[in-house]
Amino acid sequence: MSVDGRLLVVGAGQAGVQVASSAREFGWRGTITLVGQEPYAPYGRPPLSKDFLRGESPVESLALRTASFYAEQRIDLLLNEEIGQLSLDGTGAGTATSVSGRRWAFERLVLATGAQPRRLPIEGDDLAGALVLRDVRDAQKLAGCLAEVTDLVVVGGGFVGLEVAAAAVAAGVRATVVEAAAAVLNRVVSPAAAGIVEAAHRAAGVRVLTGVRPRRLRGDAGGTVTGVELEDGRELPAQLVLMGVGAEPRDGLARNAGLHCDNGIVVDDRSLASDGFTLAVGDCASLPDPSPGPEGLSRPRLRLESVDNAVEQAKAAAQTLVGADGTYRSLPWFWSEQGDVKLQIAGLARPEDESIVRPGTRAGRATVLRYRGEQLVAVECVNNPAEFLVVRKALGAGTPLPRDKAVDTTLPLKKHFAVQTVADRT
């Protein structure tokens, strides 16, 4: 496989930067062009709903690499350019055309186009003050509005929504979270972990309404949001509404180019799309579950929206580009800082998996172990980073922990795993 051709990476977020830098590191000798839609140098997005929103991190501090990095690695970084069309010739090569009319020829293509926030199709979603959060400009607008309002309604109790609600309350804004499911974080953690997190938010002053949906957003004569009407008839005052109801993959470019898409750009475990040449990485990719496990088993297809996945999948994809084994295997893990709550998750649990709760040594701390039959498959830690590191390492190594040991809180998990490791060796 030639590593002397022209490599084009579309998308200058975490995954795009990582695949470009790793490709160079692993031996790509040809040109590398990294095209980003935003005017800012590539930056990390997680702080946008936390440190940046609180005014603690300027834009410059979010940079993924130094200004000199791209020149030193011979990566041609092009900003403020949106690719509008791809022409693929069936061999991996082709041409990309931007909406401004510029064209780039390439021998290999990587799509790292990310995801975009969903908006609810309800009346009033186009009112001024009804916002989403994805990029720096969204965060700047949100921060400016928070400084001027008294009431914020967050629609959706996921990571971003709860992070913003926590930042708003810390800034003196009354915040209400409206979640359609029976609990916040319904799709990502167990009811036990969700209950602990929700209680912490309530104690901090966030109003949490679950099991209810918004019917419409109300506005004034000037077209600015003034409140949220719920389906149960209640009305919430709001001069600011954040839509935090998840994200959808930005796969339109791939679809129009004829690549198979299904909740993202469908790729195999080497990050190769349906044409066998183009690669897709990060939030836009629909990939086989990369969790460690026996080979040969059917792996469910999913999208992973996390920094860890963006980095690790991109590294593996870069191996594919240079002709090495780019099979992607990595234990997925996630984190979210919501005011005084630090939530860390490793592994992928299912709703039906059993939860074993181990209370922490202090109030507000807990570790929830998720079991599928006799197998430990995931961990959810609330303000318990030391135990998270222990269990994450054990999950990655495949170290078992029987359920009867998991419920024994007289020993810390570190000792339980140490004893189990010794037992397995004898």
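The values are calculated or read from the model by the stated rules, or taken from the named source; none is laboratory data. Only a predicted model underlies this, so the values are computations on that prediction, with no experimental measurement involved. All Cβ positions, glycine included, derive from the backbone under ideal geometry; neighbour counts span all protein chains shown.
What to note about this one:
- Among the criteria (1) within 28 Å of Leu272 (Cα to Cα); (2) at pLDDT 95 or above; (3) assigned by TED's automatic domain parsing to the domain that holds Ile32, the one Ser100 does not fulfil is (1).
- Restricting the stretch 131-148 to residues that are farther than 24 Å from Ala12 by Cα and surrounded by fewer than 16 Cβ atoms within 10 Å (Cβ to Cβ), the residue that is nearest to the chain's Cα centre (by Cα): Gly144
- So Ala363, is it over 30 Å from Ala168 (Cα atoms) and either part of a loop (DSSP other than H, G, I, E, B) or in contact with a Cys (Cβ under 9 Å, 6 or more places away or on another chain) (or both): no
- Residue list for the stretch 24-47, filter: part of a strand (DSSP E or B) and under 14 Å from Leu321 (Cβ atoms): Ile32, Thr33, Leu34
- The set of residues in the stretch 166-185 being crowded, with 17+ Cβ neighbours inside 10 Å and not β-branched (Val, Ile, Thr) consists of Ala166, Ala167, Ala168, Arg174, Ala175, Glu179, Ala180, Ala183, Leu185.
- Candidates Val153, Val184, Val149: the one that is outside any loop (DSSP other than H, G, I, E, B) and either among the hydrophobic types (A, V, I, L, M, F, W, C) or at pLDDT below 95 (or both) is Val153.
- Residues of the stretch 236-258 satisfying the condition of being in a loop (DSSP other than H, G, I, E, B) and either of a type in the set (Gly, Ala, Ser) or without any contact (Cβ under 8 Å) to a residue 24 or more places away in the chain (or both): Ala238, Gly244, Gly246, Ala257, Gly258
- Any chance Ala238 is surrounded by 21 or more Cβ atoms within 10 Å (Cβ to Cβ) and of a type outside the set (D, E, K, R): yes
- Qualifying residue in the stretch 318-331 (condition: of a type in the set (Phe, Trp, Tyr), under 23 Å from Ala257 (Cβ atoms) and not assigned by TED's automatic domain parsing to the domain that holds Asn186): yes
- Residue ID - nearest to Ala397 (Cα to Cα), chosen from residues in the stretch 352-381 that are β-branched (Val, Ile, Thr) and without any contact (Cβ under 8 Å) to a residue 40 or more places away in the chain: Val377
- Just so you know, in the stretch 55-78 the residues that are charged (D, E, K, R), modelled with pLDDT of 90 or more and not in a helix (DSSP H, G or I) include one that is surrounded by the most Cβ atoms within 10 Å (Cβ to Cβ), and it is Arg65.
- Going through (1) in contact (Cβ under 8 Å) with a residue 24 or more places away in the chain; (2) crowded, with 18+ Cβ neighbours inside 10 Å; (3) not basic (Lys, Arg) one by one, Val267 falls short only on (1).
- Exactly one residue out of Ala378, Ala394 is outside any strand (DSSP E or B) and either among the small types (Gly, Ala, Ser) or crowded, with 21+ Cβ neighbours inside 10 Å (or both), and it is Ala394.
- Subset of the stretch 325-354 that is acidic (Asp, Glu) and in a strand (DSSP E or B) - its residue that is farthest from Ala203 (Cα to Cα): Glu354
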